[in-house]
Amino acid sequence: MASERKRVVVSGIGVVSPNGIGAEIFAANCLRGRSGICRPHNIDTAGLRTCAVAQVLNFDPTTAMDPVEVRRVPRMIPMAIAASREAMESANFRIDPDDVEQQRTIGIALGTGGGGITFVEEQYRAYFTEGKPSLFSITAGTHGNLSSEISIALKLRGPSHVLSTGCTSSTDAIGYAMMLIRQGSVPAMLAGGADAPISNGILFAFEKMRVVSTRDWHDPSKSSRPFARDRDGFVLGEGAWMLLLEERERALSRGATILAELVGYASTCDAFHRVQIAPDVAEPVRAIELAIADAGCAKDEIGYVNLHGTSTQLNDKMETLALKKCLNSHSARVPMSSTKSMIGHPQGACGAAGLAATILAMRQGHVHPTINLDTPDPECDLDYVAEGVARKRDWQYALCNCIAFGSKNSALIVRRPPTSE
């Protein structure tokens, strides 16, 4: 007889975001509709039309790592370590550096799209211009090593895995960690995402694909415009969002504050196109339906949806259509919003960013807005909380949706914990 699956809760959140470093600041700025999108800083913009990016401008990587080590890893690594430490500290989960058995009880599931791609770009430049790439080109440029940097920094001896599935990477990493805890393989996991892909070469490639915003709005914070008629592409972003997931009974036994419970996850693939969503949106719908079924709730119990909402013409229309087909008439009644309107698109880290924003807003009885939605697209006609400020809302279940290149679709369902927890 199969054992009953364990319940998985979130007990800590750590954030390094373009619109705020630290979970509390990030939450407050999302609720206020404050953008972290700016003009490119310290980026080679030669030959580019891009006028806005979502950079973390006031982050000092040496607060997370020794200055010597910072030069040996991609920019995303100190961000991920800083976010992971905050998640652990906020959960009051302390690792004893001398207790090997304790260190074995927690692992890492890191989602990233580009990983060390900007570090690799620099190494190719050094190789072809000077013939002197870094000794750390392989260790820093290989995705599999990235989670190990967090494991080493925090002394965590549980599973240390990287999931790279494009924009669904951190959603899938959280879903994977959730499954490990459910089945009893490990009692706790740090899970989430980190990406820092902003560079000349990457921006140029996205411009060639015609998916990033290149219009000069003069105020760069206006550039990310999910679901607006005049949107012209996403704004490339960076950052790290990490969550501490624990088996519920263990978390309660150590007196942890339960921030939320993860109750559903699913992932599908259209098997259709490298960058486009299949017109029938059957697989995005199925991913959401499977996640809701996994959560054991009804569709009309979904009280909020955190959307992928990239600000590209195709994605926003197709995601709107998928929500209509999945939730039917309830889609017109449930508030939804796009975190990317304020933080740009941090690629593989975006799912963790949306989940963190959802949980933190839920704790305050609100949902955050979609900013810059002053000229709605007639084909995007759901309630995107377009007022520019948070809306008071109590809900039991929320859906966090993600869509990726390669026809991938992933969804998480999160539940508000009972007040007794």
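Each value in this text was obtained by applying a stated rule to the coordinates, not by laboratory testing. Keep in mind that this is a model prediction, so the values were computed, not measured. So basically every Cβ, Gly included, is an ideal-geometry build from the backbone, and we count neighbours across all protein chains shown.
Taking chymotrypsin sites (Phe, Trp or Tyr not before Pro) across the stretch 321-421, none is in a DSSP loop with at most 11 further Cβ atoms lying within 10 angstrom of its Cβ.
For the pair THR142 and ALA282 in one chain, pulling the backbone fully straight at 0.36 nm per residue adds 47.0 nm over the alpha carbon distance. Ranking CYS38, VAL68, GLY115 by how far each Cα lies toward the positive end of the dipole of the stretch 1-138 (charges on Cβ) leaves CYS38 at the top. In loop segments of the stretch 217-248 as defined by DSSP, the trypsin sites (Lys or Arg not before Pro) with at most 14 further C-beta atoms inside 10 Å of their C-beta are ARG229. What value does the chain have for Rg/Rh, both radii from Cα atoms and Rh as Kirkwood defines it? Rounded to two decimals, Rg over Rh is 0.95.
Overall, the stretch 266-415 carries a charge dipole of about 360 debye about its Cα centre when +1 sits on the Cβ of Lys and Arg and -1 on the Cβ of Asp and Glu, all other atoms neutral. The value obtained for the stretch 189-269, namely the Cα convex hull volume divided by the number of residues, is 181 Å³ per residue.
In this simple spin-label model, placing a label point 7 Å from the Cα along the Cα-to-Cβ direction at both ASP230 and VAL70 gives a separation of 3.9 nm. Among LEU327, LEU382, a tally of other beta-carbon atoms within 10 Å of each Cβ gives an order, fewest to most, of LEU382, LEU327. Each Lys and Arg adds +1 at its Cβ and each Asp and Glu adds -1 at its Cβ; summed about the Cα centre, the stretch 8-253 shows a dipole of about 720 debye. Electrostatic bookkeeping for SER199 treats Lys and Arg as +1 and Asp and Glu as -1; over the other residues with beta carbon under 14 Å from its beta carbon, the sum is -4. Placing R0 at 35 angstrom, the Cβ-Cβ distance between ASP96 and LEU57 gives a FRET efficiency of 0.45 after rounding to 0.05. Does the stretch 74-165 come out rounded, prolate or oblate, given a ≥ b ≥ c as the square roots of the eigenvalues of its C-alpha gyration tensor, rounded meaning a/c under 1.5 and, failing that, prolate meaning a/b above b/c? Prolate, since a/c reaches 1.5 and a/b exceeds b/c.
Computed on the stretch 266-415, the Cα convex hull volume stands at 95 Å³ per residue.
Summing Lys and Arg as +1 and Asp and Glu as -1 over all other residues whose Cβ lies under 13 Å from the Cβ of ASN19 gives a net charge of +1. Taking a span of 15 Å or more along the helix axis (Cα atoms) and a mean Kyte-Doolittle hydropathy of at least 1.0 as the rule, the DSSP H helices of the chain that qualify are 350-363. Ratio of Rg to Rh for the stretch 315-382: 0.96 [Cα atoms; Kirkwood radius as inverse mean 1/r over pairs]. Under the criterion of Cα pairs below 8 Å and six or more residues apart, the relative contact order for the chain equals 23 percent. Peptide packing: for 262-274, 106-118, 281-293, the average count of neighbouring Cβ atoms within 10 Å per residue gives the ranking 106-118, 281-293, 262-274, highest mean first. Each Lys and Arg Cβ is given +1 and each Asp and Glu Cβ -1; about its Cα centre, the chain then shows a dipole of about 220 debye.
Where does each of 330-343, 85-98, 164-177 land if you order them by average Cβ count within 10 Å, highest first?
Highest to lowest by the protection proxy: 164-177, 330-343, 85-98.
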